[in-house]
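The next block holds one structure in the form of structure tokens; read it before the comments.
The values are calculated or read from the model by the stated rules, or taken from the named source; none is laboratory data. Just so it is clear, the structure is predicted and the values come from calculations on it, not from any experiment. So basically every Cβ, Gly included, is an ideal-geometry build from the backbone, and we count neighbours across all protein chains shown.
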Amino acid sequence: MMAGSTQHTERLTRNNGLLLLVDHQVGLYTGVRDIDILQLKHNIVALTRSMLALKVPVIVTTTSEKMWGPLIPELAEILHGVPSIERTTVNAWDDKRVVDAVKATGRKKLIVTGISTDVCLAFPAIAALADGFQSYAVIDASGGFSQTQVDMGVLRMQQAGVVPVGYSSVAVELLADNAAPEAEAVYAALGMPFSALLFGLRQYYSQASVDTRKKAGA
């Protein structure tokens, strides 16, 4: 990274970030061993829903669907209308269509998830760095075929300069303000248990404000 570059110093926001989903395919999910499959599906769907709520561009790519199957139905359902780029390359960044789609957004903060963590996530996340992007790897919205492979993949990404993040933390980082009109949709998408408390408190204080004004006018 060149001295004076803003890639690492500029904060990640909804205006400079984009989400790249790599190889979330039915066949590959059968090999995931480092995270519970239902939890993984919850995390990736929640992340994707929150990005859509924030109007963050989402790019989808799969590899060799005749071999590894289609996009998981849980993602396909919420991504209707979003085109998927099917490739044969192992590294998604080696497919010009994927790179062109990313560059067409005009954004430089690349949020990446993939199955598997050490290949489909790590390879494009690292490769994008050389093209001037800052990569954020969503570890808990990705999965690997063994814990050792995942650990080595995360270590390799960190050494290369990729920033590891969690699905909910990166979503609320892009949300930035709980008073934003998208806040309710983002927290609902994340499905976090305490989000219901958040909305309950908001309704409580809203009603309390109304009651105070009524008393003042009495």
Hey, Ala130 within 26 Å of Glu10 (Cβ to Cβ), out of contact with any strand residue (DSSP E or B) (no Cβ under 9 Å at 6 or more places or on another chain), surrounded by fewer than 20 Cβ atoms within 10 Å (Cβ to Cβ) and at pLDDT 95 or above or not
yes
The one condition Thr105 fails out of (1) touching a residue at least 60 places away in the same chain (Cβ under 8 Å); (2) farther than 17 Å from Ile139 by Cα; (3) in contact with a His (Cβ under 6 Å, 6 or more places away or on another chain) is (3)
Looking at Val163 and the list (1) among the hydrophobic types (A, V, I, L, M, F, W, C); (2) in contact with an Asp or Glu (Cβ under 9 Å, 6 or more places away or on another chain); (3) modelled with pLDDT of 95 or more, which single condition is not satisfied?
(2)
So which of Leu38, Leu47, Leu71 is aliphatic (A, V, I, L, M) and touching a helix residue (DSSP H, G or I) at 6+ places or on another chain (Cβ under 7 Å)?
Leu47
Pick from the stretch 24-42, criterion assigned to a helix (DSSP H, G or I) and touching a Leu at 6+ places or on another chain (Cβ under 9 Å), ranking: surrounded by the fewest Cβ atoms within 10 Å (Cβ to Cβ)
Val26
Quick one: which residue in Ile115, Ile111 is buried (at least 21 other Cβ atoms within 10 Å of the Cβ), in contact with a Gly (Cβ under 7 Å, 6 or more places away or on another chain), modelled with pLDDT of 95 or more and under 16 Å from Met51 (Cα atoms)?
Ile111
Quick one: in the stretch 5-23, which of the residues that are buried (at least 20 other Cβ atoms within 10 Å of the Cβ) and of a type in the set (A, V, I, L, M) is farthest from the chain's Cα centre (by Cα)?
Val22
The condition from (1) more than 21 Å from Val172 (Cα to Cα); (2) polar (S, T, N, Q); (3) touching a residue at least 40 places away in the same chain (Cβ under 8 Å) that Thr30 misses is numbered (3)
In the set Thr62, Thr30, the lone residue that is β-branched (Val, Ile, Thr) and over 17 Å from the mean Cα position of the chain (by Cα) is Thr30
State all residues of the stretch 75-90 that are among the hydrophobic types (A, V, I, L, M, F, W, C) and not in a helix (DSSP H, G or I); if no residue qualifies, say none.
Leu79, Val82, Ile85, Val90
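Conditions tested, residue by residue: (1) surrounded by fewer than 23 Cβ atoms within 10 Å (Cβ to Cβ); (2) among the hydroxyl-bearing types (Ser, Thr, Tyr); (3) in contact (Cβ under 8 Å) with a residue 24 or more places away in the chain; (4) over 23 Å from Leu174 (Cα atoms).
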{"residue": "Val99", "(1), (2), (3), (4)": "yes, no, yes, no"}
{"residue": "Ala125", "(1), (2), (3), (4)": "no, no, yes, no"}
{"residue": "Ile139", "(1), (2), (3), (4)": "yes, no, yes, no"}
{"residue": "Arg156", "(1), (2), (3), (4)": "yes, no, yes, yes"}
